[in-house]
Amino acid sequence: MQNRRDWLKKALIASAVLPLGASLGEQLMAAPVSEAERNFLRSGLKSPMKIRLGSNENPYGPSDRAREAISQIVSETNRYPFQTVSEFKTLLAQKEHVTPDHILVGAGSSDLLCAAGAAFGVEEGSILSSYPTFPMLMNYASVYTAYWDKIDLNEKLETDYPLLASRIKDRTRLVYICNPNNPTGTLVDPYTVKTFCDEVSRTVPVFADEAYLEFLEPSRQISMVDLVRQDKNIIVSRTFSKIYGLAGLRIGYLIARPDIAKKIARHHPGIPTNQVGLAAATVSLGDMEFMELSRRKNALARKHLTDYLDRKNFFYGKSHTNFVMFDPKSDGTQIMNKLAEKGIAIRVWDYKSKPWCRVSIGTLEEMKIFTRAFDELEL
């Protein structure tokens, strides 16, 4: 209870420094969208979003196993999930070849990114990352006392790890990396990333966001968890929201040295998740057949989009995930607005002083609808 009271107290203090009229949640979630998109969302959606290509969701999930587990666990939803969380941590520890003390379970990885942002944001320094990337941790850290140090991506929209390493300063409290990166979908060779993490973590902690790791073929799924097993100063986060198709059930976890996990846990609410999500995640974990199905269908639908972008001569990052970010060569905000009128939701991200489009990969039919709709836009 003390931990939860402390967390709530800090959240209330943090909310006091936000601009008048902005809630804590609105402020934290602002950066994944551009200023133009934020204004668009505040004005209200012009029509129901029939095709959702804005949130990197898996359009094929949950799996049949997860659906069955959900139906069976309903009778237990009157019980708090304390024991279930403990059992789930043990299962995760076995999968990752660590102890349960290395594991922290949360309501999706965003929940844990916020907790890590608080843990390192109170240390009056800076959080270093490439840009653009998923900003949740840095947003939360900046609500406290931290400053966000941003390093632009290279010309391929990839993180420049040597440049990132060169920008570490005395004030740097944490380095955040995301590989494959959101919003670009680009991948840097995992061995390059592992070398970076090994070397940098001797000076400053590294947070490795692996939300999209499972979209890579199994032979390429090289995690930084191996460095955690070596007691390195590394934190790794994972989520069940993406390839497992459980975004609405909010299950994620991080793996870190027990002392680091405890440090982050002090900034995390007491009851992190729910019985339904835990049941679905338990049976989804390691469901190779469903993951392979999702990868295969995603790759086919993604190719339809990238072939279209190639024909239109749009520049985009080479995506290894379920989304693509591209330079629309015109007003990305106007594109978003006009697609919304057709019931198609996408995102726009501010980069290099203009809004770029980021399109999540839906089903093949949804991507065909998107490209047809894009052709009909008067730009």
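Worth pointing out:
- Tabulated pairs, the range 135-149, first open to solvent by 40 Å² or more (accessible area, probe 1.4 Å), second in a helix (DSSP H, G or I) and modelled with pLDDT under 90, C-beta under 7 angstrom, 6+ apart or interchain: Tyr144/Ala14
- Long-range neighbours under 7 Å by Cβ, at least six apart or interchain, first residue under 14 Å from Ser360 (Cβ atoms) within the range 292-312, second of a type outside the set (Val, Ile, Thr) and assigned to a helix (DSSP H, G or I): Asn298/Phe215; Ala301/Leu364; Ala301/Met367; His304/Leu364; His304/Met367; His304/Lys368; Leu305/Met367
- Considering the range 255-295, and only residues there that are among the basic types (Lys, Arg) and not in a helix (DSSP H, G or I), the residue that is least open to solvent (accessible area, probe 1.4 Å) turns out to be Arg257.
- When residues of the range 71-98 are limited to those that are open to solvent by 60 Å² or more (accessible area, probe 1.4 Å) and outside any helix (DSSP H, G or I), the one nearest to Tyr212 (Cα to Cα): His97
- Applying the criterion of being assigned to a loop (DSSP other than H, G, I, E, B) and either open to solvent by 10 Å² or more (accessible area, probe 1.4 Å) or modelled with pLDDT under 95 (or both) to the residues of the range 170-181, the residue that is nearest to Leu137 (Cα to Cα) is Asn179.
- Selection count, the range 219-241, where residues are open to solvent by 60 Å² or more (accessible area, probe 1.4 Å) and in contact (Cβ under 8 Å) with a residue 12 or more places away in the chain: 3
- Residues located in the range 144-169, provided they are under 19 Å from the mean Cα position of the chain (by Cα), part of a loop (DSSP other than H, G, I, E, B) and of a type in the set (A, V, I, L, M): Leu153, Leu157
- Hits in the range 320-337 - residues which are within 21 Å of Ala301 (Cβ to Cβ) and either over 23 Å from the mean Cα position of the chain (by Cα) or open to solvent by less than 10 Å² (accessible area, probe 1.4 Å) (or both): Thr321, Asn322, Phe323, Val324, Met325, Phe326, Pro328, Ile335, Met336
The values are calculated or read from the model by the stated rules, or taken from the named source; none is laboratory data. Model, not experiment: these values are computed from the prediction. Cβ sites come from the backbone with ideal geometry, for glycine too, and all protein chains shown count toward neighbours. Ligands, DNA and RNA are excluded from the accessible area calculation, which covers all protein heavy atoms including side chains. Shrake-Rupley method; radii C 1.70, N 1.55, O 1.52, S 1.80 Å.
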